[in-house]
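Each remark here refers to the structure printed beneath this line.
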Amino acid sequence: MSPRLPGHPSPGDAVVETLHNGVRVAVFREPRMATAAISVFVRAGSDHESARLNGVGHVIEHMAFKGTRTRDCQQVNLDAERLGADVDAHTDKDHTAFHMRGLAGDAASLVAMLGDIVTRCSFPEPELERERQVLLQEFAEDDDDPVSTAYKRFDRACYGEHPAGQPVIGTRANLRRFTRSDLVAHVARLYAGANTVVAVGGDVDPVAIVRAAARAFDAMPPAGGDPLSPPAWIGGVRARRLPGCSQAHVIAGYPIPPRSGDYEPFAVAAAVFGRGMSSPLLDELRERRGIVYHADCSADVRDTCGQLVIEASMAPGAVRSYAAEVSRMLRDHAATIDPSAVQRARNQIRVAVARDHESAPERLERAALDLFSYGRILSFDEHMDRIAQVTPDQVRDAFARMLRAPAAVAVAGAYGRGEEHRVAQLLPGARAACSAIGT
């Protein structure tokens, strides 16, 4: 292959090339950087897993570094670290990512190493049995964490048994049961060119990087996996008491459009409601009344679904007061919106996007998600324009639309008997029926 690329792209502009098998390579040339960030994003997360396979993507993320067809586990680590490179990976609901960061002059070599890890991982049986124990310990730590527990219950309240409601980490039973064949079959189904983005940021030559990616990912098949089915929003309440926990953690939310939809008014609504110490959620409930220790509101959007998420931690006796105040504030925002609050929220989002734009790892992930969702990378100005066009009336309407849906609520940690039912009765749209787990 001979890439046809602009000879001298402007600093900061993305050069995007699609290889013969559908792998997309995005390169951001940043002369000011001494290091280069290299990431490979694969459109394979817990959203793509059946109940039987829930957690297999997270196992693959761990096992990818345990050996390839030509290198064992120790060589995989040594080859990167002898160049001083940092190595990392993560699994999310909608993707898995593999990262290296080293000197810009070593970027092409690091692309080759990541290509070997992603396309030629061998999943040695002895390594799988050793790593299984590490994964089970990670699961136990996650299961003991009240915030993580609340989020897992919240996703179930939102989407029920649909894959979107599953935890990324999977289940203990699955982690004990997965075989090498399960990992190999899952990679064969989803690790394909159309599902892969190689992204690089730094003082690098885009032509050299694309050529390195073409060599490293040449053997990847072009297509794989079926389109995801959008989940139906369910709503309701899920709860779990955790022994030894001294706080209650409450997560509540409503459905919002996915990335492919008109989600921007909902993103601004989330910032209006709970971003920053001057937002109503924090100003009224923490600063003025001391009801909560921590609170936040965010818009979580993926290709097939979206959630407005209101998260808070508080003393067990404050749960009912918290729910009553959040209910009142949500209804107030569905009735009227202060234009100055919308302007504050838009500016906060603008700074957050600009901060991500200046950070190579965040910029690469944003670019990959744009390519997966839109088939192109949205510019900084385009992101900003979409937010700038949101009006106060659209934000008010976003609150009103959300409150017409059944709320999803999760309570975890320490809380009074029956408190989860009372939360359900207080929040707009929440169902009184409670699926109380572990109480």
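Along Cα→Cβ, 7 Å out, is where each label goes; now give me the distance between the ones at ARG130 and ARG215 in nm to one decimal. Simple spin-label model gives 3.0 nm for this pair. Per residue, the average separation of C-alpha pairs within less than 8 Å and at least 6 apart gives the chain a relative contact order of 20 percent. Magnitude of the charge dipole for the range 292-401, about its Cα centre and with charges confined to Cβ atoms of Lys, Arg (+1) and Asp, Glu (-1), is about 260 debye. Residues within the reach of a label modelled at ARG120 (point 7 angstrom out along Cα to beta-carbon, backbone nitrogen below 19 Å), restricted to the range 84-108, are 98-100, 107-108. Taking amide H atoms as placed 1.01 Å from N in the peptide plane, the amide H of ASP13 lies under 5 Å from those of ARG29, each 5 or more residues away in sequence or on another chain. Here the Debye sum runs over all C-alpha atoms of the chain as equal scatterers in vacuum, and log10 of I(q)/I(0) at q = 0.08 Å⁻¹ comes out as -0.49.
Projecting the Cα atoms of GLY22, SER39, LEU78 onto the charge dipole of the range 14-216 (Cβ charges, centred on the Cα centre) puts GLY22 farthest toward the positive pole. The gain in end-to-end length when the GLU358 to THR179 segment is fully stretched comes to 60.3 nm, 0.36 nm per residue minus the alpha carbon separation.
Projecting the Cα atoms of ILE337, ALA354, SER373 onto the dipole axis of the chain, where Lys and Arg carry +1 and Asp and Glu carry -1 at the beta carbon, places ILE337 farthest toward the positive end. Among beta bridges from DSSP that stay inside the range 236-436, the antiparallel ones total about 75%.
Given +1 on the Cβ of Lys and Arg, -1 on the Cβ of Asp and Glu, and no further charges, what dipole in debye does the range 236-436 carry about its Cα centre, rounded to the nearest 20? Dipole magnitude for the range 236-436 comes out near 760 debye.
Each Lys and Arg contributes +1 and each Asp and Glu -1, all at the Cβ; summed about the Cα centre of the chain, the dipole is approximately 960 debye. The relative contact order of the range 14-216, computed from alpha carbon pairs under 8 Å that lie at least 6 residues apart in sequence, is 41 percent. Backbone geometry of the range 320-337 corresponds, through the Karplus equation with coefficients 6.51, -1.76 and 1.60 at θ = phi - 60°, to 3J(HN,Hα) couplings of 5, 5, 4, 4, 5, 5, 4, 4, 4, 5, 4, 5, 4, 6, 6, 9, 7, 10 Hz, x marking Gly and Pro. Each residue of the range 367-380 was assigned a 3J(HN,Hα) from its phi angle through the Karplus expression (A = 6.51, B = -1.76, C = 1.60, θ = phi - 60°), giving 5, 5, 5, 4, 5, 5, 7, 10, x, 7, 9, 6, 6, 4 Hz with x at Gly and Pro. Applied to the range 223-231, the Karplus parametrisation 6.51 cos²θ - 1.76 cosθ + 1.60 on θ = phi - 60° returns per-residue 3J(HN,Hα) values of 9, x, x, 9, x, 6, 8, x, x Hz, with x for Gly and Pro.
Throughout, read-outs are computed from the coordinates displayed, never taken from laboratory work. Note that the coordinates shown come from a computational prediction; the quantities given were computed from them, not determined experimentally. In this analysis, Cβ positions are derived from the backbone assuming ideal geometry, glycine residues included, and neighbour counts consider all displayed protein chains.
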